[in-house]
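What follows is a set of notes on a single structure, which appears directly below.
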Amino acid sequence: MNRPFNESGRRRGCRGFTLVELLVVIVVMGIIAAVAVFSLGGITPTVPTTTTTLNVSGYTNWQTTYAPLSTTLNTDLTALTTAQSNGDNTATISALSALATDATNLTAVASSPDPTLNFDISTLASDVSAVSTDGVAALNGTGDLTTLQDDLVRVSNDRATVSADITADNTKYAVAG
């Protein structure tokens, strides 16, 4: 009588692994992988420390570039407000011209290690540029003071946002460094 299976329960002439043998191998491989993950887990904390140190250096260099621009922007905004309140068109035009330069300089400095801060500085630069453009239009009679006042409010809000970003980054880099 010709039997299709041998004594171990396998088909004759077929070589391969049973389901139980495959499951045992998979379980053993899982145990080895788990041990490897836990034993190598202590290596990863050194990588972020090195990266953070590099970012702190870049951030410190960036701040030394931004700080004087912020001071200049504050001076120019104050000059604009003073000139407007005094009704001095010549001083107003001079302040608006200075603000146009400030907008260009802010755009150039939007290169901090923090992308959120870069976006907020670019927004500030755009709104400072709008103050300059809308201020000139208001003086020429082709624009209105309401638009200029709205621009100044946006610049004030943008400056508060940038200041908050810088404070958050100072905290982040001080803790990490």
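Below are the figures for this structure:
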| read-out | value |
| --- | --- |
| Neighbour net charge for ALA79 - beta-carbon separation under 15 angstrom, K R +1, D E -1 | -3 |
| Protection-proxy order for peptides 152-159, 119-126, 67-74, each taking the mean of Cβ atoms within 10 Å per residue, highest first | 119-126, 152-159, 67-74 |
| Under 9 Å, Cβ to Cβ, from ASP127 - net charge with Lys/Arg +1 and Asp/Glu -1 | -1 |
| Sum of side-chain charges, ILE166 neighbourhood, beta-carbon under 10 Å (Lys, Arg +1; Asp, Glu -1) | -4 |
| Stretchable slack from ALA67 to ILE26, in nm (0.36 nm times residue separation minus alpha-carbon distance) | 8.8 nm |
| Solvent-accessible area per residue for the stretch 65-146 (1.4 angstrom probe, square angstrom) | 49 Å² |
| Förster radius 45 Å - calculated FRET efficiency between ARG15 and LYS172, Cβ distance, rounded to 0.05 | 0.15 |
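The values are calculated or read from the model by the stated rules, or taken from the named source; none is laboratory data. Just so it is clear, the model here is predicted, and its values are computed rather than measured. Neighbour counts are summed over all protein chains in view; Cβ atoms, including those assigned to glycine, are modelled from backbone coordinates with ideal geometry. Calculation scope for accessible area: heavy atoms of the full protein, side chains included, ligands and nucleic acids excluded. Shrake-Rupley method; radii C 1.70, N 1.55, O 1.52, S 1.80 Å.
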